[in-house]
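Heads up: the structure comes next, in structure tokens.
The values are calculated or read from the model by the stated rules, or taken from the named source; none is laboratory data. These numbers come from a predicted model, not from an experiment. A quick note on method: Cβ atoms are made from the backbone with ideal geometry, for glycine too, and the neighbour counts reach across all protein chains shown.
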Amino acid sequence: MIRLALSGIAAVVILNLLLRTFVRLGGPLTTLVIAAAVAAGMALWFNWRQARRPEPSEGWQLVVLYGGGLGLLYLGLLGMMLIKDDPSPMGLLILAVHYACYPLCAWLAVVKRR
């Protein structure tokens with residue numbers, strides 16, 4: 001489960017770098033596309049490797065590990081924002097909404113499917 005969560009986190013980082021840097025896409029739509037693609041990939045990978053759907057406890061474990069790992073990365077991003085300049089309340093809200101897309105999509109793909 002940890003390996004799957006770490007793979008999902010790595011996929012999020014790589015897709016964000018590729019789409020936002022080289023393709024120059026941005027905004028909430030890009031975040032939703034990446035979050036949905038990675039969540040679907042994690043669900044499919046689990047189904048393929050285990051030949052079954054995840055149990056609710058396994059799904060929650062995956063969402064917590066994945067969301068927690070991404071949460072740490074987003075806290076690092078917030079720290080960099082604080083070092084550079086005080087973020088506005090709207091900037092903090094946008095950061096929180098972008099982060100919330102990832103665990104929410106993972107929850108919809110892995111836990112809610114039942």
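Overview of values
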{"item": "Any chance residue 47 is surrounded by 12 or more Cβ atoms within 10 Å (Cβ to Cβ), in contact with a Lys or Arg (Cβ under 9 Å, 6 or more places away or on another chain) and on the phi < 0 side of the Ramachandran plot", "result": "yes"}
{"item": "Selection within region 25-64 - in a helix (DSSP H, G or I) and of a type in the set (Asp, Glu)", "result": "58"}
{"item": "Residue 67 vs. criteria touching a Ser or Thr at 6+ places or on another chain (Cβ under 9 Å), within 19 Å of residue 6 (Cα to Cα), surrounded by 15 or more Cβ atoms within 10 Å (Cβ to Cβ) and without any contact (Cβ under 8 Å) to a residue 40 or more places away in the chain", "result": "no"}
{"item": "Failed item, numbered, when residue 20 is tested on (1) surrounded by 15 or more Cβ atoms within 10 Å (Cβ to Cβ); (2) touching a residue at least 24 places away in the same chain (Cβ under 8 Å); (3) not hydrophobic (A, V, I, L, M, F, W, C)", "result": "(2)"}
{"item": "Hey, residue 33 surrounded by 16 or more Cβ atoms within 10 Å (Cβ to Cβ) and either more than 14 Å from residue 1 (Cβ to Cβ) or in contact (Cβ under 8 Å) with a residue 24 or more places away in the chain (or both) or not", "result": "no"}
{"item": "Region 8-47: number of residues that are at pLDDT 95 or above and among the polar types (S, T, N, Q)", "result": "0"}
{"item": "Test: residue in region 76-84 that is modelled with pLDDT under 95, surrounded by 14 or more Cβ atoms within 10 Å (Cβ to Cβ), of a type in the set (A, V, I, L, M, F, W, C) and closer than 21 Å to residue 13 by Cβ", "result": "yes"}
{"item": "Filtered residues of region 1-15 (kept if outside any loop (DSSP other than H, G, I, E, B) and either surrounded by fewer than 16 Cβ atoms within 10 Å (Cβ to Cβ) or within 10 Å of the chain's Cα centre (by Cα) (or both))", "result": "2, 3, 5, 6, 7, 8, 9, 10, 11, 12, 13, 14"}
{"item": "Scope region 1-56; condition under 18 Å from residue 69 (Cα atoms) and of a type in the set (Val, Ile, Thr); matching residues", "result": "2, 9, 12, 13, 14, 31, 34, 38"}
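Okay, residues lined up against (1) over 14 Å from residue 98 (Cα atoms); (2) not small (Gly, Ala, Ser):
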position: 4; (1), (2): yes, yes
position: 14; (1), (2): yes, yes
position: 20; (1), (2): no, yes
position: 33; (1), (2): no, yes
position: 38; (1), (2): yes, yes
position: 67; (1), (2): no, no
position: 73; (1), (2): no, yes
position: 77; (1), (2): no, yes
